[in-house]
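S.K.: Take this structure first; my questions come after.
Coordinate-derived values only; no laboratory data. It should be emphasised that the depicted structure is a prediction, and the values quoted were computed from it without experimental measurement. Don't worry about glycine lacking a Cβ; one is built from the backbone with ideal geometry, like all the others, and counts go over all protein chains shown.
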């Protein structure tokens, strides 16, 4: 019987040793308190950042945003602020001027047509700036008149109604028989006003 006890003790010791090795392999490494150990146990990057979908591929993103450690892929940027992500001509810092408006909304409501191509909230004419002509009682100022489309004038903040199609108006004072002066005007076609 003593020989059987020896065999059983040897088998028990071997099993315990094997379990100990398995536990050593599966157990997590001890936290040594170093920064590397803390980084390994936390998120894969220190500071995830916002990324914005860039549908028109102009380098500026619109409203769709995700937070990630790296770019989600092609068509994403870390620069927000595109006020129309469906038109590559429209982005913050645009330096070119245009004589045709764009729709700032996919709904394409005509009264929302915009010339704000640099997304700063204000339509700006290319210099020299044109001014509105006025001709009426006591007022006689040559200038330009906006050509409103069939659906009526545009609406919204930052609108310059002289952007795009205009007419030139020349005003002059004329003396009436009663020696009072009144304003007469003539209009003619003019080149559209470039804006951004």
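S.K.: Grab the Cα-Cα distance for residue 172 and residue 112, subtract it from 0.36 nm times how many residues apart they are, and report the gain in nm with one decimal.
M.R.: Here the segment from residue 172 to residue 112 would lengthen by 18.1 nm.
S.K.: Place a point 7 Å from Cα of residue 180 in the direction of its Cβ. Which residues in the stretch 122-139 have their backbone N less than 19 Å from it?
M.R.: Answer for this model: 135-139.
S.K.: Grab every C-alpha pair in the stretch 110-189, bin the distances at 10 angstrom width from 0 up to the longest one, and report whole percents.
M.R.: Histogramming the stretch 110-189 at 10 Å steps yields 17, 38, 28, 13, 4, 0 percent.
S.K.: If you don't mind, there's one more thing I want to ask. Suppose R0 equals 41 Å. What FRET efficiency, 1/(1 + (r/R0)^6) with r the Cβ-Cβ distance, do residue 188 and residue 157 give to the nearest 0.05?
M.R.: It comes out at approximately 0.85.
S.K.: Also: Relative contact order for the stretch 36-195 using alpha-carbon pairs under 8 Å, separation at least 6, rounded to a whole percent?
M.R.: 16
S.K.: Also, quick follow-up: Restricting the calculation to Cα positions, tell me the Rg (one decimal) and the Dmax (whole number) of the stretch 41-92 in Å.
M.R.: Here Rg and the maximum Cα pair distance are 12.2, 45 Å.
S.K.: The stretch 111-144 to the stretch 48-84: how many Å between their Cα centroids?
M.R.: About 34 Å separates the Cα centre of the stretch 111-144 from the one of the stretch 48-84.
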